[in-house]
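Okay, structure first, notes after.
The values are calculated or read from the model by the stated rules, or taken from the named source; none is laboratory data. This is a predicted model, so every value here is computed, not measured. All Cβ positions, glycine included, derive from the backbone under ideal geometry; neighbour counts span all protein chains shown.
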Amino acid sequence: MPLFRHMTALDVRTLLALVCAMTTACGAAETSVCVDCGDDAPAPIVGRLEGDVALAVGPSDAVWFAGHDVDFGALVVGRLTIDAAGETQLIEPVRVDDGSPPSRRVGERPSLAVDSTGEPRVAYLDAEAGQAFLARRRGAWTVEPLDGPGLRSAEDTPGASVAGDDELSPFVTQVALALDAGGGEHVATLDSTTGTLRIISSTGACRNPAAAIPAAGTALLALEPRVVDAAVLEGAGVVPSRIGGVPSITVDVTGAIAVTFYLESTGDLALLTCAGESLTIRTIAGSDEERDLGDVGYWSSVAVDPRSGKLAIAFFDRTRGQLAYATSVKGEKAVVVIDDGAGELGAFSRYVGQMPSLSFAPLGSGAPGRPTVAYFDASEHVVRLATRDDFGRWSHEALADAEPLQGRLAAASVASGTWVAFARLGEPHVVMDTRDAE
């Protein structure tokens, strides 16, 4: 049986009680945030996390998380560790970006990665402005814009032109971050104004034809992004379409960039690979398949199998309400169903597979290369965890002690270990599955 060590209904009041310098312990009825109940009570550090929660594992198995603080409208980053007694400890929860000018939606859609030195980096949105940023911690935190300013007011309509500008203002609604082995930063952003994908690579691993390799330390805002639009899709032999959904990005063993995204016009899942100036795009699942898979790929997650070096993709099949998995077998694309939504004894069907997050166990673990997918079950309002055994068989289960997420979707993140985080009514849940110890 899997062994679970977990913290459930773990709100920020509980988290910060571990780390705040408090002279008097506060009761739950006395405070909603970590404060000192004495006369010199400090200002709250962090409020309630809500919506997407990003996870990444660094050296020494430290688990970093990033999320949107709904009380302060800020990006919050912290670190979780397991102590010698097996207890979960929270370290260094900080508000990294409060927004300037003030915005109530800074830190949404976070994407988190940790480099080989243990330093975290977070790509995220100011969702009111439609602008993407990258936060780095190198001793102290710094924040750098990934693109020019979008719309500066929530009252503005996405796609409206900026005063004095005849072109539509970009309005970024999704962002995804990946680091290569050397710490190079690679970001994919989705502009909902034009339905285009932009790829920004600090090393030039994905760059425009004839573009020079950027010098080390070049500001990301100064880099010319590789833009993928309907014309680029058509040139690559793919049906022209607006790009939408939630893109996912990774770096393969050769240093090439891989991005999965959704084609709105055809309801297809597409895979882009980019190595320097070379760019290829192909449909992984959807309407151009011999077997019609319907509307697929709005949510997807791409990762590299550490044993084979091949790409693998977990994705949502909206038509059938299923979670599917695509990879390459003997050079041919293979798609299997991870969770078909069937209930016990076939008595009912569940609608599953939203917000998948795919990860592989590291080669030095007890189950090297084992793929794991965290995803949402919209019928039962729970997060599920799916794993594949050595014989290629998938199994899935609702997370231990995970209460139903009433009335809202939840983001699921997975990291080697396996940690999963999601939000329920403003309370982040963190679960560590130590099944590698079996």
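Checking PRO110 against (1) closer than 20 Å to PHE171 by Cβ; (2) surrounded by fewer than 24 Cβ atoms within 10 Å (Cβ to Cβ), only one condition comes out false. Which one?
Single failed check for PRO110: (2).
I'm trying to understand the selection: among the residues of region 115-132, which are surrounded by fewer than 22 Cβ atoms within 10 Å (Cβ to Cβ) and out of contact with any Leu (no Cβ under 7 Å at 6 or more places or on another chain)?
SER116, THR117, GLY118, GLU119, listed by residue number.
Report, by residue number, each residue of region 225-249 that is in a strand (DSSP E or B) and either without any contact (Cβ under 8 Å) to a residue 40 or more places away in the chain or surrounded by fewer than 15 Cβ atoms within 10 Å (Cβ to Cβ) (or both).
Hit for region 225-249 is VAL227, nothing else.
Looking at VAL414, VAL420, VAL431, which one is modelled with pLDDT under 60, surrounded by 21 or more Cβ atoms within 10 Å (Cβ to Cβ) and either among the basic types (Lys, Arg) or assigned to a strand (DSSP E or B) (or both)?
That would be VAL431, the only listed residue that is modelled with pLDDT under 60, surrounded by 21 or more Cβ atoms within 10 Å (Cβ to Cβ) and either among the basic types (Lys, Arg) or assigned to a strand (DSSP E or B) (or both).
Can you tell me how many residues in region 250-272 are closer than 21 Å to TYR124 by Cα and surrounded by fewer than 24 Cβ atoms within 10 Å (Cβ to Cβ)?
Adding up the residues that qualify gives 3.
Going by what's in this entry, would ARG393 be described as of a type in the set (Lys, Arg), under 21 Å from PHE315 (Cβ atoms) and under 17 Å from the mean Cα position of the chain (by Cα)?
So ARG393 does not fit the description; no.
On the basis of being more than 19 Å from LEU146 (Cβ to Cβ), among the β-branched types (Val, Ile, Thr) and modelled with pLDDT under 95, does VAL232 make the cut?
Answer is no for this residue.
If we keep just the residues of region 273-291 that are more than 21 Å from ALA334 (Cβ to Cβ) and among the small types (Gly, Ala, Ser), which is surrounded by the fewest Cβ atoms within 10 Å (Cβ to Cβ)?
If we take residues in region 273-291 being more than 21 Å from ALA334 (Cβ to Cβ) and among the small types (Gly, Ala, Ser), then SER278 is surrounded by the fewest Cβ atoms within 10 Å (Cβ to Cβ).
Taking the options GLY86, GLY118, GLY107, GLY47, name whichever one is at pLDDT 80 or above and either more than 29 Å from VAL251 (Cα to Cα) or in a loop (DSSP other than H, G, I, E, B) (or both).
GLY118
Would you say ALA312 is modelled with pLDDT of 90 or more, part of a strand (DSSP E or B) and either among the aliphatic types (A, V, I, L, M) or farther than 23 Å from VAL238 by Cβ (or both)?
The answer is yes for ALA312.
Is it the case that region 347-358 has a residue that's at pLDDT below 90 and over 30 Å from THR266 (Cα atoms)?
Yes, some residue in region 347-358 is at pLDDT below 90 and over 30 Å from THR266 (Cα atoms).
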